[in-house]
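Trainee: After the structure tokens below, expect a handful of questions from me.
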Amino acid sequence: MASIDSSALEQISPAEARFEQLRKRAGFFLAPMVFLSLWFAELPGLTTTGKDGTLVHNEPAHRLAAIMATTAVLWVCESVPLTISALAAASACVICGVAAPKDVFAPFADYIMFLFIGSFILARAVFIHGLNRRFAYGILGLPWIGARPSRILFGFGAVTAVLSAWISNTATTAMMFAIGMSILAVFFREQGSDKPLDRRYATGLMLMTSFAASIGGLATPIGTPPNMIGIGLIEGQLGVKFTFFEWMIIGVPIVTIMFFFMFGYLNYFCPAGVPEIRGGAEMLRERRQSLGPWTTSQKSTLFAFGLTVFLWVFPGAIYLIVGQDHPLYQSVKDPLNEGVVALIGAILLFLLPGDRDGRAINWDEASQIDWGIVLLYGGGFALGSLAKSTGLAAAIGQGLESLLPLDTAFSMLAFGTVMAVIVSEATSNTASAQIIVPIVIATAQAAELDPLIPALGATFGASLGFMLPVSTPCNAIVYGSGYIPITRMIRYGILLDLAGIVTVVSLLHFIVPHLLQR
């Protein structure tokens, strides 16, 4: 689930809106109580025996425990914006003496911060110049799709998933929601009363919009913020770096399996009731033709985006072909760092010709990216780094390891994935990744298990929240269509949650170890 904004709240029921307001207000009471309780509590797990035999209490870790627990409460309740909670937590670490300012704020200069910035600017240009609409109508207007309901549902979902792998899930849903609503309006009007379109088909198309956007984000490192958060935490705490191409080797099969499963059950449970929809093919062709010829800005944006994707994938492909020790791979792995490549692509937009101000994008347009996610990552990563350096992560891991029967790699993977899915239903996907991934890493290390694959499971699981209108802004947007009964969203969402857990756990456990020989 991602952060709920005001527009999303307007599209959910009054009862759900009241629950959201209660949840936000609860944080103002729970957060201080949690902080004070932990600050003054006895935490025996943070006490060790010194060299002289005396008991030594780890004060920095104790203070950090109070700060992190308070931050987790604020993230779950969303009493204040997630970004503000993360920045407040980083500031509190300095004020409370957990670490020096330079150590607390060092993660804000991590290369993934610049991967966020560069990729967000590229996505902004794609959205501004309508490349996403051109792609969507280009696919939906293909003769193969025509006016057959099942093919339209499949093509619509595939377009949504592919777009969501490269631009914001919420932005993708908003655009495809508008397209889907216009398609349904034409379909219901053209079918008439003799062979009416089954309303369940509208439910399936709207759910496909939301679910495909959430699933598609798993395919690439930049597809959704939890991916980059997990990558950063894994590299920072385990020293394991995933290239763009390596992530896609894992993410694309997960997306493919989940998409076909989702299409299968939505197509079965949400039939159109007619073999062909009158006027459908003509309408889609007209929409595609209405886009007109390619503009200079679109061509420039496509070039910058395509070059960036190629440079992201190139080092990983070289690694798989020639190996890690080959001079060719060694010569490109650092210069073509993902953050540097993202900045190169973004800078190109300011140099290539365009239709506005003579360039593909200007700063006023580029500056409207989601800076909150960038800062949220920095604050969350700072907490994760401090948890490791102070010993708090190890203490949490040892405590969980002693309570839970997590003595195998498979059980640890399943635990991390399921916990991330559960938390993502209650709070944002981003917060779920920030909270669960460090805990899974620490717990696996305490159990003397390899934490890499369980951490990947938690990262992927953080994006699997499908049950409720408030689970993601994507769900809230499509719920506002009026075509989705809440019981169907819950029923189909649970089904997709379970399928996602099985898919992620199975692929990571049985396939990934063979794909990534580290």
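Trainee: Please enumerate the residues belonging to region 98-119 that are under 18 Å from residue 241 (Cα atoms), out of contact with any Asp or Glu (no Cβ under 8 Å at 6 or more places or on another chain) and of a type in the set (Ser, Thr, Tyr).
Mentor: none
Trainee: Might you check whether a residue that is part of a helix (DSSP H, G or I), in contact with a helix residue (DSSP H, G or I) (Cβ under 7 Å, 6 or more places away or on another chain), closer than 17 Å to residue 258 by Cα and among the small types (Gly, Ala, Ser) occurs anywhere in region 464-479?
Mentor: Looking through region 464-479, none of the residues is part of a helix (DSSP H, G or I), in contact with a helix residue (DSSP H, G or I) (Cβ under 7 Å, 6 or more places away or on another chain), closer than 17 Å to residue 258 by Cα and among the small types (Gly, Ala, Ser).
Trainee: Taking region 416-434 only, how many residues are part of a helix (DSSP H, G or I) and either crowded, with 24+ Cβ neighbours inside 10 Å or in contact with a strand residue (DSSP E or B) (Cβ under 8 Å, 6 or more places away or on another chain) (or both)?
Mentor: 12
So that you can scan it fast, the table gives a plain yes or no per residue for (1) among the hydroxyl-bearing types (Ser, Thr, Tyr); (2) modelled with pLDDT under 80; (3) closer than 19 Å to residue 493 by Cβ:
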position: 391; (1), (2), (3): no, no, no
position: 398; (1), (2), (3): no, yes, no
position: 402; (1), (2), (3): yes, yes, no
position: 408; (1), (2), (3): yes, no, no
position: 435; (1), (2), (3): no, no, no
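Trainee: Okay, moving on. Looking for whichever is in a helix (DSSP H, G or I), among the small types (Gly, Ala, Ser), out of contact with any Phe, Trp or Tyr (no Cβ under 8 Å at 6 or more places or on another chain) and under 30 Å from residue 269 (Cβ atoms) here; the options are 150, 91. Which one fits?
Mentor: So the residue among 150, 91 that is in a helix (DSSP H, G or I), among the small types (Gly, Ala, Ser), out of contact with any Phe, Trp or Tyr (no Cβ under 8 Å at 6 or more places or on another chain) and under 30 Å from residue 269 (Cβ atoms) is 150.
Trainee: Here is a follow-up. From the list 433, 395, 382, exactly one residue is within 23 Å of residue 500 (Cα to Cα) and among the aliphatic types (A, V, I, L, M). Which is it?
Mentor: 433
Trainee: Quick check, is residue 372 modelled with pLDDT under 85 and on the phi > 0 side of the Ramachandran plot?
Mentor: Criteria not met by residue 372.
Trainee: Taking interchain pairs and intrachain pairs at least six residues apart, which have beta carbon atoms under 8 angstrom, with the first residue in region 287-303 and within 16 Å of residue 139 (Cα to Cα) and the second not in a helix (DSSP H, G or I)?
Mentor: 287/141; 288/141; 291/130
Trainee: Checking the conditions here, which among 334, 364 is among the charged types (D, E, K, R) and within 20 Å of residue 126 (Cα to Cα)?
Mentor: Exactly one residue qualifies, and that residue is 364.
Trainee: So, one more: Restrict the check to region 41-57 and report whether at least one residue is over 22 Å from the mean Cα position of the chain (by Cα), more than 28 Å from residue 230 (Cβ to Cβ) and surrounded by 19 or more Cβ atoms within 10 Å (Cβ to Cβ).
Mentor: No.
Trainee: Next question. One residue is enough: does region 324-337 have a residue meeting the conditions within 30 Å of residue 136 (Cβ to Cβ) and either of a type in the set (D, E, K, R) or surrounded by fewer than 16 Cβ atoms within 10 Å (Cβ to Cβ) (or both)?
Mentor: Taking every residue of region 324-337 in turn, none turns out to be within 30 Å of residue 136 (Cβ to Cβ) and either of a type in the set (D, E, K, R) or surrounded by fewer than 16 Cβ atoms within 10 Å (Cβ to Cβ) (or both).
Trainee: Scan region 470-515 for residues that are of a type in the set (Gly, Ala, Ser) and under 26 Å from residue 21 (Cβ atoms) and jot them down.
Mentor: Scanning region 470-515 gives 471, 476, 480, 481, 482, 493.
Listed here are the residues, each with its yes/no results for (1) of a type in the set (Val, Ile, Thr); (2) over 23 Å from the mean Cα position of the chain (by Cα); (3) part of a helix (DSSP H, G or I).
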site: 304; (1), (2), (3): no, yes, yes
site: 314; (1), (2), (3): no, yes, yes
site: 331; (1), (2), (3): no, yes, yes
site: 336; (1), (2), (3): no, yes, no
site: 361; (1), (2), (3): yes, yes, no
site: 372; (1), (2), (3): no, no, yes
site: 378; (1), (2), (3): no, no, yes
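Trainee: Is region 153-168 home to any residue that is touching a residue at least 60 places away in the same chain (Cβ under 8 Å), more than 19 Å from the chain's Cα centre (by Cα) and farther than 22 Å from residue 505 by Cβ?
Mentor: yes
Trainee: Considering each residue of region 250-282, count those that are surrounded by 18 or more Cβ atoms within 10 Å (Cβ to Cβ), among the β-branched types (Val, Ile, Thr) and at pLDDT 90 or above, and give that number.
Mentor: Number of matching residues: 4.
Trainee: Further question on the same structure: Can you tell me which residue among 145, 121, 117, 179 is in a helix (DSSP H, G or I) and farther than 21 Å from residue 366 by Cα?
Mentor: Exactly one of 145, 121, 117, 179 is in a helix (DSSP H, G or I) and farther than 21 Å from residue 366 by Cα, namely 179.
Trainee: Name the pairs: first residue in region 451-479 and buried (at least 24 other Cβ atoms within 10 Å of the Cβ), second residue hydroxyl-bearing (Ser, Thr, Tyr) and not in a helix (DSSP H, G or I), Cβ to Cβ under 6 Å, at least 6 apart or on different chains?
Mentor: Qualifying pairs under 6 Å: 463/224; 465/471; 465/472.
Trainee: Return the residues of region 102-132 that are farther than 30 Å from residue 177 by Cβ and either surrounded by 19 or more Cβ atoms within 10 Å (Cβ to Cβ) or touching a helix residue (DSSP H, G or I) at 6+ places or on another chain (Cβ under 8 Å) (or both); say none if nothing qualifies.
Mentor: Of everything in region 102-132, those that are farther than 30 Å from residue 177 by Cβ and either surrounded by 19 or more Cβ atoms within 10 Å (Cβ to Cβ) or touching a helix residue (DSSP H, G or I) at 6+ places or on another chain (Cβ under 8 Å) (or both) turn out to be 103, 104, 105, 106, 107, 108, 110, 111, 113, 114.
Per-residue answers, yes or no, for (1) part of a loop (DSSP other than H, G, I, E, B); (2) within 21 Å of the chain's Cα centre (by Cα); (3) not charged (D, E, K, R):
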site: 220; (1), (2), (3): yes, yes, yes
site: 231; (1), (2), (3): no, yes, yes
site: 234; (1), (2), (3): no, yes, yes
site: 247; (1), (2), (3): no, yes, yes
site: 256; (1), (2), (3): no, yes, yes
site: 260; (1), (2), (3): no, yes, yes
site: 273; (1), (2), (3): yes, no, yes
site: 297; (1), (2), (3): no, no, yes
site: 317; (1), (2), (3): no, no, yes
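Trainee: Filter region 389-415 down to residues that are part of a loop (DSSP other than H, G, I, E, B) and of a type in the set (A, V, I, L, M) and give me whichever is farthest from residue 39 (Cα to Cα).
Mentor: The residue in question is 406.
The values are calculated or read from the model by the stated rules, or taken from the named source; none is laboratory data. Treat the numbers as computed from the prediction; the structure is a model and nothing was measured. In this analysis, Cβ positions are derived from the backbone assuming ideal geometry, glycine residues included, and neighbour counts consider all displayed protein chains.
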